[in-house]
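Notes follow once the structure below has been shown.
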Amino acid sequence: MKDGIANNSTASISQARKAVEQLKMEACMDRIKVSKAAADLMAYCDAHIREDPLIMPVPASENPFREKKFFCTIL
Amino acid sequence: FPKQTFSLCCKPFRCRSLPARRKYMRSPLVPEMATQEVQLNETLSHLKTESDTLKTKLEEERAKLHDVELHQVAEKVDGLGQFVMKTRRTLKGHGNKVLCMDWCKDKRRIVSSSQDGKVIVWDAFTTNKEHAVTMPCTWVMACAYAPSGCAVACGGLDNKCSVYPLSLDKNENLAAKKKSVAMHTNYLSACSFTNSDMQILTSSGDGTCALWDVESGQLLQSFHGHAADVLCLDLAPSETGNTFVSGGCDKKANVWDMRSGQCIQSFETHESDINSVRYYPSGDAFASGSDDATCRLYDLRADREVAIYSKESIIFGVSSVDFSLSGRLLFGGYNDYTINVWDVLKGTRVSILFGHENRVSTLRVSPDGTAFCSGSWDHTLRTWA
């Protein structure tokens, strides 16, 4: 009985300790400013937007999904 | 439909939190036990206070760096033109709700899985079915294509993830070569091969994620931290290292270190289950889609949410999200049968796509970005370009 009580609460305590350790670790993280993060996201988009076939459509003949081709298999 | 009841009745086996710890007895039989109980109680409440203080401090640290909004910085960026995206192929053949799909690296093959236990491999150009296998369970909620294109992994209510090698011989019985890799104690919600055919990452209704060796079926690492079912996961683009992000019914999105099993970052701003997470192509951010009808963008280096994609008129949950190749567009599949296309930087919706006749359950952009495929409870998959 005594052990039962101890086990339940020690389990809760160890769970709470883990949560505290996790938060301490997360608090130590090096963060950058949102302005810098946003600038980097924009730079990535800008660098790759010309290669993005859904934004800069390539001619239909080069996009296999857009070209109209009829497929038949010979049975 | 009131939003809440709709989501509850159509989402089986989800949103069950892990059972709460049993409360210990209020009236101990022996005086020593009383003292011990009081001490343990004190330690517990002390830890809780410490935890709350740390959480507040964490929020303060994050807020200090919140000097501007993404959409403000993006005002100087050119707007996107008009979009003409249509259904280019409709893949018919599933007998029930399509739950999951994945592209092969060859940019033309697709694997999809459905509620009736069927897993089908399609050629998305020709719409031909190349392979079909029937799983021994229903609700196959997860499927993934191996990087080599030579195998597919799938699982669901069987609590397992199984790998089927794909044979060139169409007549061969795929089920005979099935290999059980992962074993969870609840349903499998998502799976993904890592950079090779040798390892699989899984997430489950049992609240954990796990990394497995395909050949031996051995558990290599497990990831504990979610307080409820984990519904989705995505691996970081290979250049950025060994991390992955997971989302769950506890409204949290966690970023994990695959080697140590440690949760390195956690984000809790959604108001309901997170159904889908996807990394931004650079690996510096990820998007999430939730039952709260919003998609959100979280930047990993700023350690915070940097954008919300929502509209008052959108009240149904998002089941699935993915980025276009450049990361400028975010596609979201919604439970109101539509696909909304968002300008990631400006935060505005650029297009809404109609076509499916029931909720969109899964959505992935092809590996070369030329098209994206959506699967729906209307039993079909559509490729759009």
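Descriptive notes on the structure:
- Condition met for residue A:30 (assigned to a loop (DSSP other than H, G, I, E, B), modelled with pLDDT of 80 or more and of a type in the set (D, E, K, R)): yes
- Among (1) in contact with a strand residue (DSSP E or B) (Cβ under 8 Å, 6 or more places away or on another chain); (2) more than 23 Å from residue B:355 (Cα to Cα), the one test that residue B:123 misses: (2)
- Pair list, Cβ < 9 Å and 6+ apart or interchain, from the range A:45-58 residues that are within 7 Å of chain B (Cβ to nearest Cβ) to residues that are exposed (fewer than 13 other Cβ atoms within 10 Å of the Cβ): A:49/A:56; A:53/A:62; A:55/B:81
- Cβ-Cβ distances below 8 Å connect the following pairs, each with a first residue in the range B:36-55 that is more than 7 Å from chain A (Cβ to nearest Cβ), a second residue that is assigned to a helix (DSSP H, G or I), and a separation of six or more residues or different chains: B:41/A:9.
- If the condition is being surrounded by fewer than 21 Cβ atoms within 10 Å (Cβ to Cβ) and among the polar types (S, T, N, Q), then the range B:327-363 contributes B:338, B:348, B:351, B:358.
- Strands (runs of 3 or more DSSP E) contained entirely in the range B:72-141, each with at least 2 residues that are of a type in the set (Gly, Ala, Ser): B:109-114
- Counted residues, the range B:184-215 - those being part of a loop (DSSP other than H, G, I, E, B) and either in contact with a Gly (Cβ under 9 Å, 6 or more places away or on another chain) or not β-branched (Val, Ile, Thr) (or both): 12
- Look at (1) touching a residue at least 40 places away in the same chain (Cβ under 8 Å); (2) assigned to a loop (DSSP other than H, G, I, E, B); (3) within 22 Å of residue B:98 (Cβ to Cβ) and you find that residue B:154 fails only one, number (2).
- Of all residue pairs spaced 6 or more apart or on separate chains, those with beta-carbon atoms under 8 Å, a first member in the range A:22-37 that is more than 7 Å from chain B (Cβ to nearest Cβ) and farther than 19 Å from residue B:53 by Cα and a second member that is among the small types (Gly, Ala, Ser) and outside any helix (DSSP H, G or I) are A:36/B:302.
- Selection count, the range B:310-326, where residues are more than 20 Å from residue B:385 (Cβ to Cβ), surrounded by fewer than 23 Cβ atoms within 10 Å (Cβ to Cβ) and touching a strand residue (DSSP E or B) at 6+ places or on another chain (Cβ under 8 Å): 4
- Residues that are of a type in the set (Phe, Trp, Tyr) and either within 14 Å of chain A (Cβ to nearest Cβ) or surrounded by fewer than 19 Cβ atoms within 10 Å (Cβ to Cβ) (or both) within the range B:364-385 comprise B:372, B:384, listed in sequence order.
The values are calculated or read from the model by the stated rules, or taken from the named source; none is laboratory data. Quantities reported herein were computed from a predicted structural model and do not represent experimental measurements. Please note: Cβ atoms are built from the backbone with ideal geometry, for glycine as well, and neighbour counts cover all protein chains shown.
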